[in-house]
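J.: Starting off with a structure, shown below.
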Amino acid sequence: MLDDFSLEQNIAYKTLINSIKNDKLSHAYLIETNGYSKALDFAIAFSKYLLCPNNYSNNKKCDKCMQCTSIDKNEFIELKIIDPDGQWIKKSQLEELQEEFSKKSIVGNKKVYIINKAEKLNASSANSLLKFLEEPEEGIIAILITENLYQVLSTIVSRCQVISLKNKLNLTNLSTNEKIAHYISNNVDDIDQYIKNEENFEKLKKVLEFIKYYEENHTNTIIYINKLWHDYFKEKDDIYNAFTVILLFYKDILNIKLNKNIEIFNDYIEILQNIEEKNTIDTITAKINVIMNLRETIKFNVNPNMLMDKFIIELERCEEHD
Ligand SMILES: [Zn+2]
């Protein structure tokens, strides 16, 4: 039920409710999760609100209509949820959707499709979706969900109304290292372990030294990469976590650039500001993309030397566009 989210996601909730009440429904929404774990539930609750003839948003309004009942059973054919098939969302999944949705509506006057993990659209499936979004059909509503807005093709983003969810975690009063522990660990015990292990704090400092060095010296960083990186980050997990820290760091640089609050690196404002001054918004978002993409490859067997050389070269390419 959409009303379940009225407190936790009050802004997103109000935006969507008002868009229906004022008859200003968008034909495509892009939900940015910001780490909120119930984003898919939120999207389904909104779909239900759209599809139920009684605009069901709480227990009082719906007498268990056919739509609500079948959505609960995951059987409603006019609500389709697409998840990545393996590593990517495939073109064939989009084609199947278009085929099914081209048939006349049997039940109501609306059809909804949800694309979960929209950052997993590859070039060809993104293209397919784009065509679908460019020629919106009456009554078809798209809801895309993504963990990372900067990884979704900008041409797709520009065709959607972006709904930003709030992360439930309130980390405001924690140190940078403690905040990072929340992003890297999977559960409460892991968070404690992470914070107690002083090595992690040392690693955080090494990551920041690396970023600082790169931003000052660019491709010359490759010459000193052993001392800057390989001496400290050897295991796959360490490298992956270090990339997560780099990602969070550049997101905070972007936050400053956009006059938003710093989320994680409050203890390192000086370094943030220094780098922020040297980069444009485009450069920062391009760098965030590079970091996200390379971080994905670390899960596979990637050679650490090649990874870092590639990383620096690709970061450098982001600068060339200025
Ligand atoms: Zn209903």
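J.: Among the residues of segment 150-160, how many are more than 18 Å from Leu40 (Cβ to Cβ) and touching a residue at least 60 places away in the same chain (Cβ under 8 Å)? Let's see the steps before the verdict.
T.: Filtering segment 150-160 down to residues more than 18 Å from Leu40 (Cβ to Cβ) leaves 150, 153-159.
Filter once more, keeping what is touching a residue at least 60 places away in the same chain (Cβ under 8 Å): 150, 156-157, 159.
Selection size over segment 150-160: 4.
J.: Within segment 184-205, is even one residue under 30 Å from Ser128 (Cα atoms) and buried (at least 19 other Cβ atoms within 10 Å of the Cβ)? Steps first, answer last, please.
T.: Of all residues in segment 184-205, those under 30 Å from Ser128 (Cα atoms) come to none.
No, the conditions are met nowhere in segment 184-205.
Table: residues versus (1) over 16 Å from the mean Cα position of the chain (by Cα); (2) outside any loop (DSSP other than H, G, I, E, B); (3) among the aromatic types (Phe, Trp, Tyr).
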site	(1), (2), (3)
Pro136	yes, no, no
Ile141	yes, yes, no
Ile156	no, yes, no
Arg159	yes, no, no
Ile163	no, yes, no
Lys166	no, no, no
Asn170	yes, no, no
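J.: Which numbered condition trips up Pro53, out of (1) buried (at least 17 other Cβ atoms within 10 Å of the Cβ); (2) within 16 Å of the ligand (Cβ to nearest atom)?
T.: (1)
J.: May I pose another question? Considering only residues of segment 28-38 that are buried (at least 23 other Cβ atoms within 10 Å of the Cβ) and among the aliphatic types (A, V, I, L, M), which is nearest to the ligand (Cβ to nearest atom)?
T.: By that ranking, first place goes to Ile31.
J.: Residues in segment 172-192 that are over 24 Å from Asn10 (Cβ atoms), in a loop (DSSP other than H, G, I, E, B) and at pLDDT 85 or above: how many?
T.: Qualifying residue count for the region: 1.
J.: Shifting gears a bit: Which of the residues spanning segment 255-273 are in contact with a Lys or Arg (Cβ under 8 Å, 6 or more places away or on another chain) and either under 12 Å from Ile291 (Cβ atoms) or part of a helix (DSSP H, G or I) (or both)?
T.: Restricting attention to segment 255-273, the residues satisfying the condition of being in contact with a Lys or Arg (Cβ under 8 Å, 6 or more places away or on another chain) are 263-264, 271.
Result: Ile271, single match.
J.: Still on this structure: Looking at segment 2-10, is at least one residue more than 23 Å from the chain's Cα centre (by Cα), within 12 Å of the ligand (Cβ to nearest atom) and not basic (Lys, Arg)? Steps first, please.
T.: Applying the first criterion (more than 23 Å from the chain's Cα centre (by Cα)) to segment 2-10 yields 3.
Filter again for within 12 Å of the ligand (Cβ to nearest atom), leaving none.
Scanning segment 2-10, I find no residue that is more than 23 Å from the chain's Cα centre (by Cα), within 12 Å of the ligand (Cβ to nearest atom) and not basic (Lys, Arg), so the answer is no.
J.: Which of the numbered conditions does Lys287 fail, given that it passes all the others? Conditions: (1) of a type outside the set (Phe, Trp, Tyr); (2) closer than 26 Å to Leu174 by Cβ; (3) surrounded by fewer than 19 Cβ atoms within 10 Å (Cβ to Cβ).
T.: So Lys287 meets the others, but not (3).
J.: Taking the condition of being in contact (Cβ under 8 Å) with a residue 60 or more places away in the chain and either surrounded by fewer than 20 Cβ atoms within 10 Å (Cβ to Cβ) or over 13 Å from Lys166 (Cβ atoms) (or both), how many residues in segment 4-18 meet it?
T.: 4
J.: While we're here: Limited to segment 147-174, what total is found for residues that are surrounded by 14 or more Cβ atoms within 10 Å (Cβ to Cβ), out of contact with any strand residue (DSSP E or B) (no Cβ under 6 Å at 6 or more places or on another chain) and among the hydroxyl-bearing types (Ser, Thr, Tyr)?
T.: The qualifying residues number 1.
J.: Could you tell me how many of the residues in segment 299-314 are within 21 Å of Tyr224 (Cα to Cα) and either buried (at least 16 other Cβ atoms within 10 Å of the Cβ) or not charged (D, E, K, R) (or both)?
T.: The initial filter retains those residues of segment 299-314 that are within 21 Å of Tyr224 (Cα to Cα), namely 302-314.
Those still in the list that are either buried (at least 16 other Cβ atoms within 10 Å of the Cβ) or not charged (D, E, K, R) (or both) too: 302-308, 311-314.
So the count comes out to 11.
J.: Identify, from the list Leu247, Leu294, Leu228, the residue that is at pLDDT 95 or above, in a helix (DSSP H, G or I) and among the hydrophobic types (A, V, I, L, M, F, W, C).
T.: Numbers: Leu247 fails: at pLDDT 95 or above; Leu294 fails: at pLDDT 95 or above.
Only one candidate qualifies: Leu228.
J.: Of the numbered conditions (1) surrounded by fewer than 18 Cβ atoms within 10 Å (Cβ to Cβ); (2) under 30 Å from Glu75 (Cβ atoms); (3) not aromatic (Phe, Trp, Tyr), Lys117 fails exactly one; give the number of that condition.
T.: (1)
J.: Confirm whether Ile71 is without any contact (Cβ under 8 Å) to a residue 60 or more places away in the chain, surrounded by 21 or more Cβ atoms within 10 Å (Cβ to Cβ), within 16 Å of the ligand (Cβ to nearest atom) and under 25 Å from Glu147 (Cα atoms). First the steps, then the outcome.
T.: On the way: without any contact (Cβ under 8 Å) to a residue 60 or more places away in the chain: yes; surrounded by 21 or more Cβ atoms within 10 Å (Cβ to Cβ): yes; within 16 Å of the ligand (Cβ to nearest atom): yes; under 25 Å from Glu147 (Cα atoms): yes.
Criteria met by Ile71.
J.: Is there any pair with a first residue in segment 123-149 that is farther than 24 Å from Asn289 by Cβ and a second that is among the hydroxyl-bearing types (Ser, Thr, Tyr) and modelled with pLDDT of 95 or more whose Cβ atoms are under 8 Å apart and which are 6 or more apart or on different chains, and what are they?
T.: Correct list of pairs: Ile140/Tyr113; Ile141/Tyr29; Ile141/Tyr113.
J.: Next up: Determine whether Asn167 is under 25 Å from Lys251 (Cβ atoms), polar (S, T, N, Q) and modelled with pLDDT of 90 or more. If you could, list the steps in order and put the result at the bottom.
T.: Values: under 25 Å from Lys251 (Cβ atoms): yes; polar (S, T, N, Q): yes; modelled with pLDDT of 90 or more: no.
For Asn167, the condition - under 25 Å from Lys251 (Cβ atoms), polar (S, T, N, Q) and modelled with pLDDT of 90 or more - is not met.
J.: Conditions: (1) outside the structural domain of Leu94 (by TED's automatic domain parsing); (2) charged (D, E, K, R); (3) within 26 Å of Ala12 (Cβ to Cβ). Lys205 meets all but one. Number of the miss?
T.: Among (1) outside the structural domain of Leu94 (by TED's automatic domain parsing); (2) charged (D, E, K, R); (3) within 26 Å of Ala12 (Cβ to Cβ), Lys205 violates only (3).
The values are calculated or read from the model by the stated rules, or taken from the named source; none is laboratory data. Quick caveat: nothing in here was measured; it's all calculated off a predicted structure. Because the Cβ atoms are built from the backbone with ideal geometry, glycine has one as well, and the counts that use them run over all protein chains shown.
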